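Here is the structure we will look at.
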Amino acid sequence: METPTNGFFRMDEESFARLSQYVTQTYGIQLPATKKSILENHLDEKVKNLAMSSYKEFVDFILNSGSSEDELLHVLDLITTHKTEFFREASHFQFLTQQFLPRHQQENNCDNLKIWSAGCSTGEEPYSLLMTLEEYKKIHPKLTYTLLASDISTRVMHTACHGEYDVEKMQTVPSGMRHTYFMCDKADPKQVKIKPHYRTKIQYKRVNLMHDNYGLAKHDLDIIFCRNVLIYFEKPTQEQVIRKFCNLLRPGGLLFLGHSESVMGMNLPLSQVGNAVYQVQEPEARSQEPESPALEFTS
Ligand SMILES: C[S@@+](CC[C@H](N)C(=O)[O-])C[C@H]1O[C@@H](n2cnc3c(N)ncnc32)[C@H](O)[C@@H]1O
């Protein structure tokens with residue numbers, strides 16, 4: 001049995017390396033050495049509550065027991081950032097209203113628009129998409145859409161499904177939209193809720209982007225938002241995930257990455273059409289030079 005130093009168990013290098021390798025393989029997320037002390041600070045109580053005598057025992061438990069994904073997801077929550085906000089990287093929402101939607105309406109008339117927010121965290125991104133689409137619908141009522149949101153973390157998805165936020169979170173929501181989409185929480189004046197009528201328009205699904213199959217049909221989606229998620233993955237893993245996105249998007253469909261992310265150096269059938277916005281090439285364009293100019297949109 002290991003004796004805790006100053007009451008704390010220390011994670012030995014081997015246990016950390018095993019955990020780190022497993023997390024990267026299973027969830028894509030890299031676990032740099034700087035995260036070790038964060039894990040030690042947060043997991044100490046858990047190790048003690050489970051009556052374990054060392055991190056070696058804890059890591060054996062979470063990696064070998066098939067029933068303990070909850071524990072692993074808890075570890076994952078400690079090392080991943082869920083930072084997000086309403087209308088984050090706002091130019092993407094302008095791109096949708098000013099460039100994509102008018103064109104989509106023209107070409108597809110009332111075809112149902114299908115959007116996936118992959119790595120949605122606590123829901124601010126899919127709700128921003130919903131508000132953008134609903135505002136557009138006020139002027140173009142024929143628009144119909146399906147909005148899917150997913151994350152690996154059940155904890156953040158729980159918040160997303162409930163649509164309850166601190167009132168300060170509304171600061172980045174345009175003032176004209178606040179009363180339309182949010183209501184006060186009578187029990188807590190510091191909280192607001194997305195109105196049920198809108199909340200229920202989003203479908204949620206737990207998806208690990210590292211899985212081969214996301215359970216979605218090929219070429220069925222118009223838009224994927226996967227912003228500030230892949231930044232934590234190694235480059236080859238990013239490319240594998242984006243390749244799967246390309247298969248799920250219809251030709252001409254759009255992929256939105258975070259503003260600091262890009263597909264540079266990757267061999268993918270995508271043309272850049274805006275700031276971190278990529279369009280899946282039509283099959284006939286795929287044999288052309290990768291530098292061939294993007295077609296439809298002005299950025
Ligand atoms: C920083 S948040 C981004 C939220 C939102 N997309 C935005 O840009 O504001 C990253 C999210 O990616 C999720 N994530 C990390 N690895 C994942 C994986 N392998 N599969 C699915 N989601 C993952 C995390 O749980 C986290 O909620």
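The values are calculated or read from the model by the stated rules, or taken from the named source; none is laboratory data. Keep in mind the model is a prediction, meaning the values are calculated, not measured. FYI the Cβ positions are ideal-geometry reconstructions off the backbone, even for glycines, and counts take in every protein chain you see.
Of note, residue 56 satisfies the criterion of being touching a Ser or Thr at 6+ places or on another chain (Cβ under 7 Å) and among the charged types (D, E, K, R).
Answer yes if at least one residue in segment 245-266 is without any contact (Cβ under 8 Å) to a residue 60 or more places away in the chain, under 17 Å from residue 208 (Cβ atoms) and of a type in the set (Lys, Arg), and no otherwise. No, every residue in segment 245-266 fails to be without any contact (Cβ under 8 Å) to a residue 60 or more places away in the chain, under 17 Å from residue 208 (Cβ atoms) and of a type in the set (Lys, Arg).
Which of the helices (runs of 4 or more DSSP H) found entirely inside segment 45-95 contain at least 1 residues meeting this: within 12 Å of the ligand (Cβ to nearest atom)? Walk me through it before giving the result.
Values: elements: 55-64, 69-79, 91-95.
Output list reads 69-79, 91-95.
For segment 231-261, a residue qualifies if it is polar (S, T, N, Q) and either within 15 Å of the ligand (Cβ to nearest atom) or buried (at least 20 other Cβ atoms within 10 Å of the Cβ) (or both), and the qualifying residues are 237, 238, 240, 260. Restricting the first member to segment 203-225 and to residues that are farther than 14 Å from residue 146 by Cα, and the second to residues that are basic (Lys, Arg) and away from the ligand (no atom under 13 Å from the Cβ), the beta-carbon pairs closer than 8 Å and six or more apart or on different chains are 219/250. Filtering segment 223-238 for residues that are more than 16 Å from the chain's Cα centre (by Cα) and assigned to a helix (DSSP H, G or I) leaves a non-empty set.
Given the residues 135, 125, which is the only one that is within 14 Å of the ligand (Cβ to nearest atom) and in a helix (DSSP H, G or I)?
Working: 135 fails: within 14 Å of the ligand (Cβ to nearest atom).
Being within 14 Å of the ligand (Cβ to nearest atom) and in a helix (DSSP H, G or I) holds for just one of 135, 125, which is 125.
Output the number of residues of segment 180-230 satisfying the condition of being on the phi > 0 side of the Ramachandran plot and either surrounded by fewer than 17 Cβ atoms within 10 Å (Cβ to Cβ) or of a type in the set (Phe, Trp, Tyr) (or both). Spell out the reasoning first.
Here is the first cut: in segment 180-230, the ones on the phi > 0 side of the Ramachandran plot are 215, 219, 228.
Remaining after also requiring either surrounded by fewer than 17 Cβ atoms within 10 Å (Cβ to Cβ) or of a type in the set (Phe, Trp, Tyr) (or both): 215, 219.
Total meeting the criteria: 2.
Taking residue 150, is it within 16 Å of the ligand (Cβ to nearest atom), in a loop (DSSP other than H, G, I, E, B) and either surrounded by 20 or more Cβ atoms within 10 Å (Cβ to Cβ) or not hydroxyl-bearing (Ser, Thr, Tyr) (or both)? Against the criterion (within 16 Å of the ligand (Cβ to nearest atom), in a loop (DSSP other than H, G, I, E, B) and either surrounded by 20 or more Cβ atoms within 10 Å (Cβ to Cβ) or not hydroxyl-bearing (Ser, Thr, Tyr) (or both)), residue 150 does not qualify. The conditions of being of a type in the set (Ser, Thr, Tyr) and either touching a Pro at 6+ places or on another chain (Cβ under 7 Å) or within 16 Å of the ligand (Cβ to nearest atom) (or both) are not met by residue 175. Within segment 239-258, the set of residues being touching a Pro at 6+ places or on another chain (Cβ under 8 Å) and either assigned to a strand (DSSP E or B) or closer than 19 Å to residue 31 by Cβ (or both) comprises 251 only.
If you go through segment 32-57 and keep only what is surrounded by 14 or more Cβ atoms within 10 Å (Cβ to Cβ) and touching a Leu at 6+ places or on another chain (Cβ under 7 Å), you end up with 39, 42.
Can you name every residue in segment 109-143 that is touching a Cys at 6+ places or on another chain (Cβ under 9 Å) and modelled with pLDDT under 95? 142, 143, listed by residue number. A residue that is among the polar types (S, T, N, Q), in contact with a Ser or Thr (Cβ under 8 Å, 6 or more places away or on another chain), over 29 Å from residue 166 (Cα atoms) and exposed (fewer than 15 other Cβ atoms within 10 Å of the Cβ) can be found somewhere in segment 111-126.
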